[in-house]
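Please read the structure below before turning to the comments.
The values are calculated or read from the model by the stated rules, or taken from the named source; none is laboratory data. All values reported here derive from a predicted model rather than from experimental measurement. Quick reminder, even Gly has a Cβ in these numbers, built from the backbone with ideal geometry, and neighbours come from all protein chains shown.
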């Protein structure tokens, strides 16, 4: 664990350092970002069609209520949200793994993203707990949701790096960041602003800015937990 007298975990120059690291492997990060953004968006796209708010309303297909209406009746919207969470969790873990491997001096390949599936159970438990907590915080007044997002931000890297207990991973993340909750909250906002800039560049910019999220978070993780990496 980190020495409490050492330098702060959250340093905003980390964003620039993360971009420098990403640039060294753009042949991996650009397709990884494309795959991640695509997979994360597919369930949401289908959900938009099935909930009647997209371009195919319930009655848009011949029949009494249309096939999308039938699917909605059996709860397809809920399952699409579950699928979105599963995919989003795996994408997050896969990109985190790439970043941690890079920072540990290993060569990275696109297929390394897949080597997180054996930890899907603890990853999903973390995702469910943190999603519920941050959603409640957001509904309470937005800012608590942001703070909780900041405090939980090292939980996924903790699982990817070897911690198999999701509850410990969450608590270890909170304990590592609780003294820097404001700085980490602002750090997350800065990363979010970077994504907005990337999106304005005809969306193509996201392929370059999106990986910075995971690399920057991995850098903070290593400051907090040192060389505790047991990625198999």
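Looking at 7, 32, can you tell me which residue is under 22 Å from the mean Cα position of the chain (by Cα), modelled with pLDDT of 55 or more and either in a helix (DSSP H, G or I) or surrounded by fewer than 17 Cβ atoms within 10 Å (Cβ to Cβ) (or both)? So that I can check it myself, show each step before the final result.
Details: 7 fails: under 22 Å from the mean Cα position of the chain (by Cα).
Every option except 32 fails the conditions.
Against the condition at pLDDT below 95, under 14 Å from residue 126 (Cβ atoms) and surrounded by 14 or more Cβ atoms within 10 Å (Cβ to Cβ), how does residue 163 come out, does it pass? Judged against the criteria, residue 163 is a match.
Checking each residue in region 86-118 for being surrounded by fewer than 20 Cβ atoms within 10 Å (Cβ to Cβ), under 12 Å from the mean Cα position of the chain (by Cα) and more than 16 Å from residue 39 (Cα to Cα) picks out no residue at all. Taking every residue in region 94-118 that is touching a residue at least 12 places away in the same chain (Cβ under 8 Å) and pairing it with any residue that is part of a helix (DSSP H, G or I) and surrounded by fewer than 17 Cβ atoms within 10 Å (Cβ to Cβ), at least 6 positions away or on another chain, the pairs with Cβ-Cβ distances below 8 Å are 94/114; 110/31; 110/35; 113/35.
For (1) more than 23 Å from residue 33 (Cα to Cα); (2) in contact with a helix residue (DSSP H, G or I) (Cβ under 6 Å, 6 or more places away or on another chain); (3) touching a residue at least 40 places away in the same chain (Cβ under 8 Å), each residue gets a yes or a no:
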position: 120; (1), (2), (3): no, no, no
position: 137; (1), (2), (3): yes, yes, no
position: 145; (1), (2), (3): yes, yes, no
position: 154; (1), (2), (3): no, yes, yes
position: 158; (1), (2), (3): no, yes, yes
position: 162; (1), (2), (3): yes, no, yes
position: 175; (1), (2), (3): yes, no, no
position: 194; (1), (2), (3): no, yes, yes
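Counting only helices (runs of 4 or more DSSP H) that fall entirely inside region 118-232 and contain at least 2 residues that are closer than 21 Å to residue 21 by Cβ, the qualifying elements are 155-160, 181-200, 206-225.
Taking the criterion of being surrounded by 16 or more Cβ atoms within 10 Å (Cβ to Cβ) and closer than 21 Å to residue 28 by Cα, would at least one residue in region 169-186 satisfy it? No, there is no match, as no residue in region 169-186 is surrounded by 16 or more Cβ atoms within 10 Å (Cβ to Cβ) and closer than 21 Å to residue 28 by Cα.
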